[in-house]
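Okay, structure first, notes after.
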Amino acid sequence: MSKYILREYQQEAVTKTIEHFKGSARSAVIVLPTGAGKSLVIAELAKRARGKIIVLAHVKELVEQNYDKFRSFDLDAGIFSAGLNQKNLEHPVTFASVQSLARNLEQLSTSYSLLIIDECHRLSDDENSQYQKIITHLKKLNPKMRVLGLTATPYRLGLGWIYQYHYRGYIRSDEPRPFDHCIYELPLRYMITRQFLTPPKLMDAAVAHYDFSSISPNNLGELPEKPVNELLKQCKRVTKAITQQIIEQAKDRTGVMIFAATVLHAQEVFSYLPSEQAVLITGATDSKLRDQYIEDFKRHTIKYLVNVSVLTTGFDAPHVDMIAILRPTASVSLYQQIVGRGLRLSEGKTDCLIIDYAGNHYDLFQPEVGEKQPNPDSEIVQVFCPDCGFANIFWGKTDGCGNVVEHFGRRCQHAEPDDNGVLQRCNYRFRFKSCVFCGAENDIAARQCHQCSEALVDPDDQLKKALQLKDAMVLRCAGVSFSNQENTLTVTYHGEDGETLKERFIFDYDSHQEQFNHLFARRLKNGTQALPFKAIEDVLAKQAHIKSPDFVVAYKEKRYWRVHARIFDYEGRYRKAHQL
């Protein structure tokens, strides 16, 4: 009989998985924080599943950890991992490393009913990746095979969310993702408040810290190694001061993990630590030596473990009670994975000290938006959909009272099944581009109308054309004002240099009222309060909440300028008002 008993949330995750796969063959994800016991959930699912099963992991430590938990149920299983010197596919359940299995696909000749992928955020949509090659091969053997992923962080730089639909009604992407559904998720705060994890103790890096703000990130959002090394070469005093503070703060700590930015940086940090109490692990460290270092660290014979991007996942040392982050990252998920190394429970451990010397400034408990932070001033805000009432999570800005004054969301994230059980996304768009042919609202980056398939006007082409004409005027709009002149609503667009353009709407004409409402009422309060205006007085009362366009294009007709186009929510190569 197993010495482990599933916690309530672990049992719930198992139940949700069984319920999902009974009714659907669509791939699924379970999201559990680091330290929540994913290996026990995997073991229980493998025990209860029918047919042959493969459990994949990307490092041998995870393969062995998952195998050991399964064996604790007094059940037999095989291991297929070159790093563990075993390649056995004879048992009903096989725990395998991705690399070993991908190199030996010809040995997989029987049908498997379930594939479980641990740390599944590593799975990309590249069909040539090792993960996808394994899935494709196994699907050929059994097209009905179920695929389940488990992770603490279901998103990755360059891709965003790794699944498309969330069981609480979110839709994360209109495009296919490696997984279809997130069927269960447990927040980190839940684990800490219920004492399933150790509380983090966050401390500001008061003595010294690095400033990586001058380095531009690459296409994946990370900082390139060469300029990072060049900057760090100029910060040797800073590195030494940081290391000294780590040693000072670690006096009453048992296990200290230090995450360095580059190999050269790690070597420098290591040189300042007590040599008899510290080890350094990089990607180039010999595997046997690495295993010995990790074992020494777990036995408490080593206090400081310095590493570079190799121990963020699949590493289990519950006694870790201090984390020093000396590397920058644009990934909230990586930051959470790093901190998660110190949150497991251990005897005598009351908290885990977290010191960030790289200025990452992440809130450990913040929900993931799945998109890059637009600017340093933006924060996570909740925005309700006027159509369905769904509470969306977007990047945005608030005033001193916490009210949302601006947000960067485009479309409502809610999805619910139709009469045939097919999930349909809410059509409401907070920011949109209208089709001049059919009037349909499209995403601001769309090139083709989703309704009539006609080509949409490219705002960059529109501005370029207008700038080349003598009788055209392009106004970088810095604001808009409204006035009532003889029962006619006058809209004044204000340029950044004081120039103005005006247009008028006669509200007694239904066509004028309809056009004004489509332009402005639809965007009231950033699209969160789409109330049609029926009278000019209503417009004047709400004008502080009416969104102004980014550009206004006008053409000269005799002595007057006639407004031809208003470009909202512009994201292109031309500078907007007051942008440097």
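Leu197's amide H: which non-local residues (gap 5+, or another chain) put their own amide H closer than 5 Å, with H modeled 1.01 Å from N in plane and none for Pro or chain starts?
So Leu197 has HN proximity to Ile192.
Assuming 0.36 nm per residue, please report the length gained on full extension of the stretch Leu264 to Glu537 beyond their Cα-Cα distance. It would help to have the intermediate numbers written out before the result.
Numbers: separation 273, 0.36 × 273 = 98.28 nm, distance 6.64 nm.
My answer for the length gained is 91.6 nm.
If you work out volume of the Cα convex hull per residue in Å³ from the coordinates, which of [x] 234; [y] 195; [z] 268 do you get?
[y]
If one computes the Cα centroid of the range 274-326 and of the range 516-552, what distance in Å separates the two points?
The distance from the Cα centre of the range 274-326 to that of the range 516-552 comes to 58 Å.
Round to a whole angstrom and tell me the spacing of the C-alpha centers of the range 138-171 and the range 336-391.
21 Å
Compute the relative contact order of the chain as a whole-number percentage, counting only Cα pairs closer than 8 Å that sit 6 or more residues apart in sequence. Walk me through the numbers before you get to the answer.
Numbers: 1085 pairs, mean separation 54.0, N = 580.
In percent, rounded to a whole number, it is 9.
What share of the DSSP beta bridges in the range 1-96 is antiparallel, in percent to the nearest 5?
Of the beta bridges lying entirely in the range 1-96, close to 20 percent run antiparallel.
In debye, nearest 20, what is the charge dipole magnitude of the chain about its Cα centre with +1 on Lys and Arg Cβ and -1 on Asp and Glu Cβ, if you could check?
Values: 73 positive and 70 negative charges, 131 e Å.
Using only the charged Cβ atoms, the result is roughly 640 debye.
What value, in deg cm²/dmol to 500, does the helix sum -39500 (n - 2.57) over DSSP H runs of n ≥ 4 give at 222 nm once divided by the residues of the chain? Mind dumping the intermediate values first?
Values: 15 runs with 146 residues, N = 580.
That calculation yields -7500 deg cm²/dmol at 222 nm.
So how do 290-301, 97-108 stack up, highest first, on mean other-Cβ count within 10 Å?
97-108, 290-301
If you restrict to DSSP beta bridges whose two residues both lie in the chain, what percentage is antiparallel, to the nearest 5?
50 percent
Using θ = phi - 60° and the Karplus curve 6.51 cos²θ - 1.76 cosθ + 1.60, what whole-Hz ³J(HN,Hα) does each residue of the range 92-97 get, with Gly and Pro shown as x?
Taking θ as phi minus 60°, the curve returns x, 10, 10, 9, 10, 8 Hz for the range 92-97.
Under 1.5 on a/c is rounded, so check that first for the range 266-324, then, if it is not, pick prolate when a/b is larger than b/c and oblate when it is not; a ≥ b ≥ c are the square roots of the alpha carbon gyration tensor eigenvalues. Intermediate results must be reported in sequence, preceding the final value.
Values: a/c = 1.25, a/b = 1.06, b/c = 1.18.
Because its axes are fairly even, with a/c under 1.5, the range 266-324 counts as rounded.
Using R₀ = 22 Å, calculate the FRET efficiency as 1/(1 + (r/R₀)^6) where r is the Cβ-Cβ separation of Asp126 and Glu175; round to 0.05.
So the FRET efficiency works out to roughly 0.95.
Under the Karplus relation 6.51 cos²θ - 1.76 cosθ + 1.60, θ = phi - 60°, what is the ordered set of whole-Hz ³J(HN,Hα) values for the range 373-386, x standing for Gly and Pro?
4, x, 7, x, 7, 7, 9, 7, 10, 9, 10, 8, 7, x
How much of Tyr428 can a 1.4 Å solvent probe reach, expressed as accessible area in Å² and rounded to 10?
10 Å²
Using the per-residue mean of other Cβ atoms lying within 10 Å as a proxy for protection, in what order, highest first, do the peptides 120-132, 507-519 fall?
120-132, 507-519
What list of ³J(HN,Hα) couplings, whole Hz, do you get for the range 456-471 from phi and the Karplus terms 6.51, -1.76, 1.60, once you set θ to phi - 60° and write x for glycine and proline?
Values per residue, Gly and Pro as x: 8, 5, 7, x, 5, 5, 4, 5, 4, 5, 5, 5, 8, 9, 6, 9 Hz.
Which listed residue (Asn360, Ser309, Asn487) has the Cα farthest towards the positive end of the charge dipole for the chain, taking +1 on Lys and Arg C-beta and -1 on Asp and Glu C-beta about the Cα centre?
Ser309
Order 9-15, 337-343, 420-426 from most to least packed using the mean count of other Cβ atoms within 10 Å.
On the way: 9-15: 18.1, 337-343: 24.9, 420-426: 11.9.
Ranked from most to least packed, the peptides come out as 337-343, 9-15, 420-426.
Placing +1 at every Lys and Arg Cβ and -1 at every Asp and Glu Cβ, with all other atoms neutral, what dipole size does the range 474-580 have around its Cα centre, in debye to the nearest 20?
Charge dipole, the range 474-580, about its Cα centre: 320 debye, nearest 20.
The values are calculated or read from the model by the stated rules, or taken from the named source; none is laboratory data. These figures come from a predicted structure and were not determined experimentally. Positions of Cβ are backbone-derived with ideal geometry, glycine not excepted, and every protein chain shown enters the neighbour counts. We work out accessible area using only protein heavy atoms, side chains counted, and drop any ligands, DNA or RNA first. Shrake-Rupley method; radii C 1.70, N 1.55, O 1.52, S 1.80 Å.
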